[in-house]
Structure formats: C-alpha cells, structure tokens
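Please read the structure below before turning to the comments.
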Amino acid sequence: MAVEPGLSADDDNPKKKFVRYLFIGKEYSVYYAGTWSHRNHFTVDKISSVKELAANKETELYPIEQIKIAFNSKLIQRPETLIFALAACARQQKSEKLRQSAYQLINELCKDTKDFLLFISYASELSKQQSIPRNGFGHGWRNAINKWYTSKNALNLAECVTKYKSRHGWTHKDIIKLSHPIIRTLEPELQVVFNYIMHGLSKTKKTFINETKIKDIIDYIEEVEDFRQCEDSIRVAGLIRTSQLTLDHVNSKLMKSSDVWEALIDTMTISSILENLQKMHNLGILLPESQVTEKLICALTSKDRIVKSKLQPSNFFMTLKNYEDPDRVPICLKRRIARKHKLRNRMLPCPDRRIIEALYSALNTSFTNVEPTGLRYLITVSIDNWKKKINSESTQNVQLTDINKPWVIEAACIIALSLIRADDKITISSFTTSDGLNARPIIIEKNLNFHEAIDIMKSRSTTPPNLGKPILWAAHHRRKYDVFINVIDKMREKFDYTSRAMDLYKKKMNLPNTRLVNWVVGSTTSFMEEKCINDVLTICGFDMHVPRVIEAFAKRQF
C-alpha cells in the first residue's frame, strides 16, 4: 500500500488559528515545549488572527467566546496565552465591541493578582507595538482596572496587594496612578487599602487613626509588613504556620533557613513543593537526615496528597529529571547556557537518593489522576539509534550498546501508562524499517509501574520507520482509532508521508475526525513550522504540559 509523498494543507482560517494559539501559543500546528517564558513568544505578530476576526462584524466577538470556552475547559495549562489573547483583544483598533468585551472579562480571567499584573504588562507592550504607538490608558482601560480593585472586599484586596507588590515591572501604585479611581466614595476599609498602596503603612495609620472599623485591615497589613522585614527564622516559621503566610512574603535573607522551609513544606500544596524543590536543592536545604528532607519525603509519599493535588504524571517526571540532573533535560541551548552561567560559582550537593525514590513513588501514584477520554489510541514508539551497532576491539562480534537517547522511551511510557490507566482501547506498537506493514506489539499491563514499563519499552523499540506506516497498518487491518501518536526522536521531512496516509485512512475507515500527533522528543525545531496540516499536531521537545496538550488536541479543543 504505497503513499505518494506530499502534504494535504488545511484550508486554515482565522478562527482555527486563534483557538490554536490559545492552547499551544502558535497559530500553526506546532507546540514548542519549554518556551513559555520567552518574551518573543508574546508579540502582536504572533496573534494576527485577532485583527482578522475583529474586522468582520460576524466574527468580531469570536475571540472572547473562545477565550471563555478555553478557560472553562481546564485544559489550558499556562494562563499566558489566554491573558495575552485578552490583551490583544483589548488593544486592537478594528472593533470597539470586542475591546469593551475584553475589558469586561478581565475580572473573571485575571482573578489571581499575578495574572492581573501580567495582563497590565502585555497590554502596555502591545500599545507600544502598534503602528502608531499609544499609551493605552483610555476610559475603558481605567474603568476595567478600577473594577478589578473595587470589586474585592477590603481584606481580600489587602491580601492581593501585600502578597504581590509588583510583577513584570509594574507595581499597584503605578497602576492606580494611571487608573484614577474615585476613592472617597468607597467604604472606609477599601479606602485604607488604597491609601496603603499610594502612601505606605505609616502614613495610612496616621490618616485613619480615629477609625475603629478599619482596625482588622490595618492589623493584617501591619502583620505582613512586619513579617517581610523579620529576620528571625524561628519567629517567621511560627507565623507561617499560624497566619497562612507564604513563600512570597518571606524575607529574601531567610531563603537559606531550614526552619523557614520546614514550616513552608507543612503549608505548601504538592504543586508548590514541586515548583520549589529545585530551589531548595540549589540553596543546600535538602541535606541528608535533615528535618526538611524528611518532611519533603513524607509529603511526596503521601498517596492522599498526591491524589488530592490532581497533578499529572508529567509534573512529577519533569521535577524528578530536573532534580536528578538538570543538564540532561532537553531544553533549548540558550536556557542551558543561562542556567550554567547563573550557577557557575556554586557547588551543588548531590541529589538525595531517597528524594528521587519518593518522586518515583509520587509519579506512579499520579497515574490515577489521569481522567479518561473515551477515545481509541495507537501509540507508536521508535528511536533513531537507541541501540547502535559497534565493533568490539577485543572480539569480532557485534555488540549492542545503549546511547544517550532515554527521553523518547520515558516520554512514551508517560503517555502510554497515563492512557492505559484511564482508557481501555489503547494499542502500543513499534514498526520495523523493512518493507511491509508488520507491527510489533508492546504489551504494557495497567498495574505496571514506571520502571517496569521502561524495561518493556526498551526491549521492543526500533529505529524510526516511515511515520505513515502505523496509519497504513491500521487501514490495512481495518483497525479503528481516533488518535495516532508517534513518539520519536527525530523527524525527517523526506520520510514524512503522514498527511497522505491520514487522508487514505479517513476515507477507507470512514473516520473523518481521526487525528495524528507527531511527538518529536529529541528536537526543539521542526520543518513543520508555519505549516498547518489538517488534524495533525507536531510537538517538539518535552515539558510537563505536553500530555495535556495532547489530551486537548485529541478532544478536538483546537
């Protein structure tokens, strides 16, 4: 069953491009893992579809509708794309109706203070990028910003402005100066918080010295200010446990205090523990037999806490790999160089074996957090030179030796075990480079742990075939699948016939909604850049968000 090389290009339109951007940060069908922090990821040219949609009266509100749908889907792993898209809607000049709708959505989409300050930053940058630069602080912007502040009760607003005083080059004082809220009409408690933002605690206490209603607000702000300035680690640890204060409030001079971190671990969520594990390691906090290490291990081995966290296996896996050896994590060269430069004069301690084992335990437990999709999957695993033939100097026999290509196998195990535990109709196979469509099934039982699955996958993986071969095999044997997933090390354009294979499969099996994911684990670039192929997604690299991106794509969210 031969397939001619070629691409069946999708008739791409602004609607598809916009929704695609919300989920993967690109208007074309390629997801680049680990690029979310790059500022070039968020420029006006990256989301040109907003202007196209806004210029048409029939589609001018489509971006806002899709932002709401994507937000409620809970499949958006990073808020940056939603917030940037909202800022782009607020800054475009084609539709006044779209701009006002964007302002109305700020309160719902940016409830968290960090997200709100990120929106302010994006909106400001987009104003500067326009053909005629504007300041962007018009009547609609001021009303929306003032609504964000005044819609909160006084204590909640005090918590917001004391926890995150500034982000992305913006402070609350900067924003209030530009939004000009009418403070005198507000209730006294809110007036106190605004006064604190503009003039600080000392002047606020003098201004409201005779007001008894606002004592609780003043006391809270004073407690946080004292906490930020406190350098007594024992006292700070006690306040963390009793006053629900967090790492964001801690004085930077106490970052190396084991007492403080011990208290923080008691109050942190599993998600926060994973985010800060590498920081604790780099600071030398996780010493053998230390109380911090014991509490960390206890948290990671608590099945109830892992299940309650609802974190995906990829979260634990990426944390584990960064802790084991961050230099071997597949990230772009610039980030790797930046990390080495930052830590160039620091002697880092060796990873604690017990913490690694605890992370593996958490990883195995977290597979129960994966929710079923009800779809049928064919997962194909193949690696270029995973096993390489070399001539032995001592004998004439040919040996097989493993070389440094483990990420493809581990990535395949993460996605395979996740789907096997959640869904029933999963097929895992490898294909040889020889002629024909002979599949090599890989049997992985639901009750296997991660290491056991790795061993099975290693023994069955092969060199990469024509990527269309799994699709052709399924068509030849009339196997019905909703999603094909190729987990590979490299992807070569001249051997990629997947587009034609997908067209053939859809017609022969009468399954027009079948989709294909090419997960290129060993590469951070792709020849598919700027190309949009119908029902095909290319993923470059590996980060903790990849499995959820695949899930959203499989569910046809984008």
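The values are calculated or read from the model by the stated rules, or taken from the named source; none is laboratory data. A quick note: this is a predicted structure, and the numbers were derived from the prediction, not measured. For neighbour counting, all protein chains shown are included, and Cβ atoms are generated from backbone atoms with ideal geometry for every residue, glycine included.
Figures for the structure shown
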{"item": "Residue selected from the stretch 5-28 under the condition touching an Asp or Glu at 6+ places or on another chain (Cβ under 8 Å) and either among the small types (Gly, Ala, Ser) or under 20 Å from residue 109 (Cβ atoms) (or both), by the criterion modelled with the lowest pLDDT", "result": "8"}
{"item": "Filter result for residue 2 (farther than 24 Å from residue 520 by Cβ and either touching a His at 6+ places or on another chain (Cβ under 9 Å) or modelled with pLDDT under 95 (or both))", "result": "yes"}
{"item": "Residues being surrounded by fewer than 17 Cβ atoms within 10 Å (Cβ to Cβ) and either farther than 14 Å from residue 534 by Cβ or not assigned by TED's automatic domain parsing to the domain that holds residue 549 (or both) - total across the stretch 503-521", "result": "3"}
{"item": "Test: residue 267 is of a type in the set (Ser, Thr, Tyr), closer than 30 Å to residue 407 by Cβ and touching a residue at least 24 places away in the same chain (Cβ under 8 Å)", "result": "no"}
{"item": "Among residues of the stretch 491-513, those that are modelled with pLDDT of 80 or more and not aliphatic (A, V, I, L, M), counted", "result": "11"}
{"item": "Qualifying residue in the stretch 235-242 (condition: farther than 30 Å from residue 325 by Cα and within 30 Å of the chain's Cα centre (by Cα))", "result": "yes"}
{"item": "Flag for residue 152 being within 31 Å of the chain's Cα centre (by Cα), at pLDDT 90 or above and not in a helix (DSSP H, G or I)", "result": "yes"}
{"item": "Failed criterion for residue 93 (all others in (1) touching a residue at least 60 places away in the same chain (Cβ under 8 Å); (2) not in a helix (DSSP H, G or I) hold)", "result": "(1)"}
{"item": "Residue pairs meeting the criteria (Cβ under 8 Å; at least 6 apart or on separate chains; first farther than 14 Å from residue 364 by Cα, in the stretch 442-458; second aromatic (Phe, Trp, Tyr))", "result": "458/386"}
{"item": "The listed residue being within 23 Å of residue 177 (Cβ to Cβ), in contact with a strand residue (DSSP E or B) (Cβ under 7 Å, 6 or more places away or on another chain) and surrounded by 17 or more Cβ atoms within 10 Å (Cβ to Cβ), out of 83, 120", "result": "120"}
{"item": "Residue list for the stretch 214-242, restricted to those being over 19 Å from residue 201 (Cα atoms) and of a type outside the set (Val, Ile, Thr)", "result": "231, 232, 233, 235, 237, 238, 239, 241"}
{"item": "Any hit, the stretch 225-240, residues being among the small types (Gly, Ala, Ser) and part of a loop (DSSP other than H, G, I, E, B)", "result": "no"}
{"item": "Which listed residue is touching a Ser or Thr at 6+ places or on another chain (Cβ under 8 Å), crowded, with 21+ Cβ neighbours inside 10 Å and modelled with pLDDT of 90 or more, from 383, 379", "result": "379"}
{"item": "Index of the failed condition, residue 242 passing every other in (1) surrounded by fewer than 19 Cβ atoms within 10 Å (Cβ to Cβ); (2) within 17 Å of residue 296 (Cα to Cα)", "result": "(2)"}
{"item": "Top-ranked residue in the stretch 251-310 [being polar (S, T, N, Q) and more than 30 Å from residue 370 (Cα to Cα); ranked as surrounded by the most Cβ atoms within 10 Å (Cβ to Cβ)]", "result": "257"}
{"item": "Residue that is surrounded by the most Cβ atoms within 10 Å (Cβ to Cβ), among those in the stretch 58-77 that are in contact (Cβ under 8 Å) with a residue 24 or more places away in the chain and over 18 Å from residue 555 (Cα atoms)", "result": "63"}
{"item": "Subset of the stretch 174-227 [exposed (fewer than 15 other Cβ atoms within 10 Å of the Cβ) and among the aliphatic types (A, V, I, L, M)]", "result": "182, 198, 209"}
{"item": "Matching residues in the stretch 276-307 - criterion: being closer than 19 Å to residue 366 by Cβ and in contact (Cβ under 8 Å) with a residue 12 or more places away in the chain", "result": "276, 277, 278, 296, 297, 299, 300, 301, 303, 305, 306, 307"}
{"item": "Residue count, the stretch 31-55 (criterion: at pLDDT 90 or above, in contact with a helix residue (DSSP H, G or I) (Cβ under 8 Å, 6 or more places away or on another chain) and not small (Gly, Ala, Ser))", "result": "5"}
